[in-house]
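Worksheet: one structure, shown below.
Just so it is clear, none of the values below were taken in a lab; they were calculated from the coordinates. Bear in mind the structure is a predicted one, so any value in this text is a computation, not a measurement. Using ideal geometry, Cβ is built from the backbone for each residue, glycine included, and neighbour counts are taken over all protein chains shown.
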Amino acid sequence: MIPEAGGGEPVFALFACCIPVKGARRSTLCDLQRGSFQFIPNGLYEILTEHAGKTAAEIKAAYDHEYDEEIDEYLEFLLRHELGFWCDDPAKFPPLDLTWESPERITNAILDVDARSDHDYARILVELDDLGCKALEVRCFHACALAELRAILEAARYGRLRSIDLLVGDGPELTPEALADLAARHGRVSGIVVHSAPEARRLPPSRTGVVVEYRTEKIDSPSCCGKVHPGYFVVELETFAEGQRHNTCLNRKISVDARGEIRNCPSMARSFGNLRETSLHGALAHRDFAALWSINKDQIEICKDCEFRYLCIDCRAYLKDERDLYSKPSKCGYDPYTAEWRSPAERPALAGIPKGAPE
Amino acid sequence: MKKRMERLDDKLFQPLAEAEQSRITGGLIKDPPQTYTAITIFETYDPAPDWTRDGDNE
């Protein structure tokens, strides 16, 4: 209900966790508490930013009453979706502080494994612990044996990791029951994806909450990574805040590829040493290791005009222009100037959805 | 500068379809319709917590 004009008229304020992001063609209104977003016209973005703190009557007057009906529709929309509220003193509802800080030197890591890998898992996990790492993704490109997964998870059993995501090649031992049992024994496992499976299926979450998914897609190298797709968007405060000044993929990340080379990401060409000769600490101490951490979306061509820029997990390994570290990810088909994906056929297929499948 | 105010029922402002955003978990919140991205980390998930033991009443 939009208040009637009159003395002491309230003004509309967004909830602090609902933050508008302007794109070239349209904007998003990101609800960081619910983990959702709404598309909104850039006109509404303008109202929410340039006319914040004004009454409905003042906003309508600012547009010479040319858009009174649209403005009423906008305000009703915001109320209906619980994105804001009427208040008398908006100064009492300050915006969120989007400063991002983390005490950990490394927050996340990728460990690649193939049939020829000879990683010392215990040593890697201890070093990640020393660095404060919270999340680890283990990507096994080959048909994995349960014993190998157990060896990795046992190495992490008494460490400080909070979550471990497993991407493993299908093998005869990797039955749903065996994987559910593995997750139950290792509470840090947060998700298991089995690739190269004969058929795609997604099992309901087990009692531990871990989702096990089988995919037919063969993932046999790091080149599987870097896709930009709404399914990979992360709508939550920490990522949104981190994205204001940092790269949402590479910031505080360290990776070990299948040969033991330490890199920012396994897909990146530059190695900072091999684990046989260098520790993770040693690689991290290299003056160039953190150079890419601060490339944020506001600095990247095209992405800086995209309404998804603080939800998107960027990629700096596969670029439109390999010579330009500030070019958009090559695996992103979204055009923020038309608000269209390049074509359904080129849109990344996810979760068993074949490319170009009708919607 | 005055901007053209587009109507919200334009196709451009409709929430993404479920197939466009699904990954491991998640889906559309149907009412009200909106785009929803699931958080897939379950740190302390327990579907049947023992509420009788809360630390104060051991």
May I ask which residue of A:V211, A:Y158, A:A197 lies farthest towards the positive end of the charge dipole of the range A:107-236, with charges of +1 (Lys, Arg) and -1 (Asp, Glu) on Cβ and the Cα centre as origin?
A:V211
Out of A:E154, A:E177, A:E307, a Gaussian network model of chain A with alpha-carbon springs under 10 Å gives the largest mean-square fluctuation to A:E177
Rounded tilt (10° steps) of A:121-131 against the dominant C-alpha axis of chain A
40
Binning at 5 Å from 0, report for the range A:1-131 what percent of all alpha-carbon pair distances ends up in each bin.
2, 9, 16, 17, 14, 8, 6, 5, 6, 6, 5, 4, 3, 2, 0, 0
Enumerate the aspartates and glutamates that A:K331 could reach by cross-link, defined here as Cα to Cα under 13 Å, with residues fewer than 8 away along the same chain left out.
A:D314, A:D321, A:E322, A:E346
Pairs A:K60/A:K328; A:K22/A:K328; A:K92/A:K253: which are spaced more than 28 Å apart, C-alpha to C-alpha?
A:K60/A:K328; A:K92/A:K253
Kirkwood-based Rg to Rh ratio, the range A:173-251, C-alpha trace
1.04
Rough spin-label spacing in nm, given labels placed 7 Å along Cα→Cβ, for A:R207 and A:A147
2.9
How tilted is helix A:176-185 with respect to the longest principal axis of chain A? Cα atoms for both, answer in degrees (0 to 90, nearest 10).
80
With only alpha-carbon atoms in the gyration tensor, what are the semi-axes of the equivalent ellipsoid for the range A:217-265, in Å, largest first?
24, 17, 7
Choice from A:P103, A:P41, A:P266 showing the highest fluctuation, given a GNM over chain A with Cα pairs closer than 10 Å:
A:P103
Taking the Cα atoms of the range A:201-326 alone, what are Rg (to one decimal) and Dmax (as a whole number) in Å?
16.4, 48
What number do you get for chain A when its Cα radius of gyration is normalised by 2.2 N^0.38 Å, N = residues?
1.14
For peptide A:69-77, the mean count of other chain Cβ atoms within 10 Å per residue Cβ is 2
Angle check, please: helix A:146-155 long axis (alpha carbons) against the longest principal axis of chain A (alpha carbons), in degrees 0 to 90, nearest 10.
70
Tell me, which longest segment in chain A has none of the trypsin sites (Lys or Arg not before Pro) that fall in DSSP loops with at most 10 further Cβ atoms within 10 Å?
A:117-275
Distance histogram for the range A:73-174 (every C-alpha pair counted, 10 angstrom bins, percent rounded to whole numbers):
12, 31, 17, 12, 16, 11, 1
